[in-house]
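Taken together, the values in this text are just the output of simple stated rules run on the coordinates, not laboratory data. A quick note: this is a predicted structure, and the numbers were derived from the prediction, not measured. Positions of Cβ are backbone-derived with ideal geometry, glycine not excepted, and every protein chain shown enters the neighbour counts.
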Amino acid sequence: MIKTILAICTFFVFSATIYSQNIDIELLREINVNRNKSLDPTFRFVSSTVTPICIASPVLVYAVGIAQKDSSLKYKGIYIGETILVSVFFSTALKYSIKRERPFTTYSFIDKATMVESPSFPSGHTSDAFATATSLSIAFPKWYVIAPSFLWASAVGYSRLDLGVHYPSDVLAGAIIGAGSAYFSYKLNKWLLKKRNK
């Protein structure tokens, strides 16, 4: 009886894995193969903005805090920087633990439109972008910060699909890791502050 249940569970897990992989590649094919190639430079530019924005965001917030002698702003700058570091750590650790091949390596019909070297899962660009967007939104909960932040982060995620360098599941995982890193850092800082005040 137990062997039968295990066999059925194994079958369903295996089937779900294959099915989800099929959805993954079919969605990527739809986005990448049928894309407007004249937009490739735009999406390469969107992808290239991740590192400068991720570095500039905490540095600028912290610098304004120093200039205005505002300890709250300095704390927010540190929080944003911590979030990005946490996101980079987790996404890099997963990349080199899982070592998923890029879609263009596995599927010849996927057109790679930018240079990449690291493994595929998760999308580091997406995790960094969502870490930045989420931490900025938590630090400055105003619509004029939240809307452009998440619009930019979503554009980064889409750009990785359009350029053929990630599966949709890579991008989804990156977004979850990035947003999760911001929430984790926020809760950790809140707990540490509460502990210090006691």
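Looking at the chain as a GNM with Cα springs under 10 Å, which of SER38, SER118, SER47 has the largest mean-square fluctuation? The residue with the greatest mean-square fluctuation here is SER38. The GNM of the chain, with springs linking C-alpha atoms under 10 angstrom apart, assigns the highest mean-square fluctuation among ILE177, ILE80, ILE146 to ILE146. Over region 40-94, with a single point scatterer placed on each C-alpha, what log10 of the ratio I(q)/I(0) does the Debye formula yield at q = 0.31 1/Å? Values, matching the q order: -1.06.
Computed from backbone phi, the HN-Hα couplings of region 161-177 come to 6, 4, 7, x, 9, 9, 7, x, 5, 5, 5, 4, 4, x, 5, 5, 5 Hz, rounded to whole numbers (Karplus: 6.51 cos²θ - 1.76 cosθ + 1.60, θ = phi - 60°; Gly and Pro given as x).
Per DSSP H run of n ≥ 4, the term is -39500 (n - 2.57); total these for the chain, divide by its residue number, and report the mean residue ellipticity at 222 nm rounded to 500 deg cm²/dmol. Kindly include the intermediate steps, with their values, before the conclusion.
Details: 8 runs with 157 residues, N = 198.
Taking each H run of at least 4 residues, the total per residue is -27000 deg cm²/dmol.
Assuming R0 = 41 Å, what is the FRET efficiency of SER71 and ILE176, from their Cβ-Cβ distance, to the nearest 0.05?
On the way: r = 32 Å, r/R0 = 0.77.
The formula returns an efficiency of 0.80 here.
Counting other Cβ atoms within 10 Å as a rough exposure proxy, the listed residues LEU151, LEU73 run LEU151, LEU73 from fewest neighbours to most. Among the listed pairs LYS37/LYS99; LYS142/LYS194; LYS69/LYS190; LYS76/LYS194, a Cα-Cα separation exceeding 19 Å is found for LYS37/LYS99; LYS142/LYS194; LYS69/LYS190.
Could you give me D for region 57-135, from Stokes-Einstein at 20 °C and 1.002 mPa s, where the hydrodynamic radius is the Kirkwood radius over C-alpha pairs? Units µm² s⁻¹, please. Could the numbers behind the result be given before it?
Numbers: Rh = 14.4 Å.
The Stokes-Einstein estimate is 148 µm²/s.
The ranking of TRP191, TRP152 from fewest to most other beta carbons within 10 Å of each one's beta carbon is TRP191, TRP152. The HN-Hα couplings worked out from phi for region 120-129 by the Karplus form 6.51 cos²θ - 1.76 cosθ + 1.60 (θ = phi - 60°) are 8, 9, x, 6, x, 4, 5, 5, 5, 5 Hz, whole numbers, x standing for Gly and Pro. Computed from the C-alpha gyration tensor, the three semi-axes of the ellipsoid equivalent to region 2-197 are 34, 23, 13 Å, from longest to shortest.
Relative to the longest principal axis of the chain, what angle (0 to 90°, nearest 10) does the C-alpha long axis of helix 50-67 take? It is inclined by approximately 10 degrees.
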